[in-house]
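The values are calculated or read from the model by the stated rules, or taken from the named source; none is laboratory data. Given the structure is predicted, the values throughout are model-derived calculations rather than measurements. Positions of Cβ are backbone-derived with ideal geometry, glycine not excepted, and every protein chain shown enters the neighbour counts. We work out accessible area using only protein heavy atoms, side chains counted, and drop any ligands, DNA or RNA first. Shrake-Rupley method; radii C 1.70, N 1.55, O 1.52, S 1.80 Å.
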Amino acid sequence: GKRKSLSTSVMYDSEESEGSDIVVRKVSAKRRCIIDDDEPSEECQPDKTCPTENVSASRKQKVLAKLKELIRQSAARRSCSSANCEDSNSEAAIEEEPLCRLLLTPSEGSETDIGSIKDFVVEEEEGNDDDDDVDNTEHVKSENWSHQKQPNPSNSKLLAHYIPQLSRCDHYVHFKRIVKAFLINAIDDTFLGSLYDGTRRKKYAQDMLLSLHYLDNRFIQPRLENLICRSRWKDRYKERVDCYPDVRISLKNTRNMSCQACEMKRCCKFSVLLSGRLYNSKTLEVDDFMSDDKQVLKVGMVCANRTRVYHNLKHFKYKLYRDCSSVAALDDVEDEPVKDTVERLFSHLEESGWIQKRYNDLEDYMEDADNFQEEK
């Protein structure tokens with residue numbers, strides 16, 4: 001008769017299967033279960049329904065319907081969580097993918113998707129000879145799931161080596177690197193400059209440079225831009241706050257006047273005193289030009305609070321460097337290599353909680369910036 005293969009199974013047979021004792025094994029492409037037939041040469045005819053299909057036809061239909069529902073749920077989650085999702089990844093396009101994609105490529109989905117798929121795995125209830133194969137297959141599948149969830153350490157190392165910006169690092173680790181870099185620069189004032197101009201190529205120096213960029217571009221600058229774009233500050237006032245590393249905000253007599261920050265009519269009762277020397281934002285080298293210059297400005301309450309929050313973040317790195325320089329200046333050990341001095345001072349600051357306290361201050365400043373209300 002004419003051979004007809006089932007749409008849900010893949011037949012594996014040898015050319016010499018007729019009249020031999022070689023067992024034909026049917027492997028389900030959907031459920032990945034292995035079933036042994038007692039009659040290897042017997043095949044399913046168009047007018048004869050297979051026994052396995054009679055038993056599990058209704059169950060397969062239920063699983064199929066549940067898997068389609070799972071696909072729709074998975075598509076909805078991916079469309080909500082991915083900011084770069086394109087129209088081609090819409091729900092309709094995903095529904096057209098083969099159902100076996102979800103089972104054969106679990107690594108492409110999230111852990112939530114994997115857990116959801118496992119809820120739809122149907123175990124065999126018949127007490128026949130196929131139970132051992134089913135149990136073994138399910139055991140292998142469970143081991144595959146756990147193995148695929150484990151991260152590949154070699155891939156992480158390759159990313160960290162070739163694309164260091166993608167390597168994951170704790171925020172506090174970045175902060176400690178910055179403190180160590182500032183201690184080195186306090187002893188050798190050319191260190192930061194050599195980091196930024198690319199002179200130093202060793203790994204420890206590259207890690208420090210990466211952490212400095214992380215502090216500027218991930219911690220500080222986005223919050224500064226957010227504070228400015230939601231304010232009515234004039235450019236002239238912002239430039240003044242940027243140039244002076246020291247500020248003192250005090251309560252004075254109330255006057256109805258134009259706020260010198262936003263130039264709006266306000267009830268101005270705060271005085272902002274700006275002072276300090278101008279410095280380079282990368283090398284932190286100070287400029288002695290007009291070192292005693294001061295600016296006194298009368299502002300309203302909202303602008304005064306915004307000035308405090310903005311100034312704390314803007315000049316945090318420079319003030320942290322000044323504190324590290326003060327620690328190095330108080331050290332009285334002489335004739336010691338720079339590396340040993342830095343390690344000794346760093347260990348003392350870490351053990352005393354000094355570094356943790358400065359990091360907590362940074363977190364407080366960032367939280368103040370995130371929670372600052374929009375100006376009305």
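Of note:
- Residue-level check: of (1) farther than 27 Å from Asp368 by Cβ; (2) open to solvent by less than 50 Å² (accessible area, probe 1.4 Å); (3) not charged (D, E, K, R), Thr199 misses just (2).
- The set of residues in region 284-340 that are over 35 Å from the mean Cα position of the chain (by Cα) and on the phi > 0 side of the Ramachandran plot comprises Met290, Asp335.
- Filter pass, Leu313 being modelled with pLDDT of 95 or more, closer than 30 Å to Leu215 by Cα and crowded, with 19+ Cβ neighbours inside 10 Å: yes
- Checking each residue in region 343-373 for being under 31 Å from the mean Cα position of the chain (by Cα) and of a type in the set (A, V, I, L, M) picks out Leu349, Ile355, Leu362, Met366, Ala369.
- Options Ser271, Ser250, Ser231: the member that is of a type in the set (Ser, Thr, Tyr) and in a loop (DSSP other than H, G, I, E, B): Ser231
- Test result for Asp207, in a helix (DSSP H, G or I), acidic (Asp, Glu) and over 21 Å from Asp361 (Cα atoms): yes
- Looking only at region 247-265, and only at residues there that are open to solvent by 40 Å² or more (accessible area, probe 1.4 Å) and in contact (Cβ under 8 Å) with a residue 40 or more places away in the chain, the one that is farthest from Gly276 (Cα to Cα): Arg255
- Scanning region 266-279 for residues that are open to solvent by less than 70 Å² (accessible area, probe 1.4 Å), within 39 Å of the chain's Cα centre (by Cα) and either more than 30 Å from Asp197 (Cα to Cα) or not aromatic (Phe, Trp, Tyr) (or both) yields Val272, Leu274, Ser275, Gly276.
- Pairs where the first residue, in region 287-305, is part of a helix (DSSP H, G or I) and the second is open to solvent by less than 10 Å² (accessible area, probe 1.4 Å), C-beta under 6 Å, 6+ apart: Cys303/Cys259; Cys303/Ala261; Cys303/Cys262
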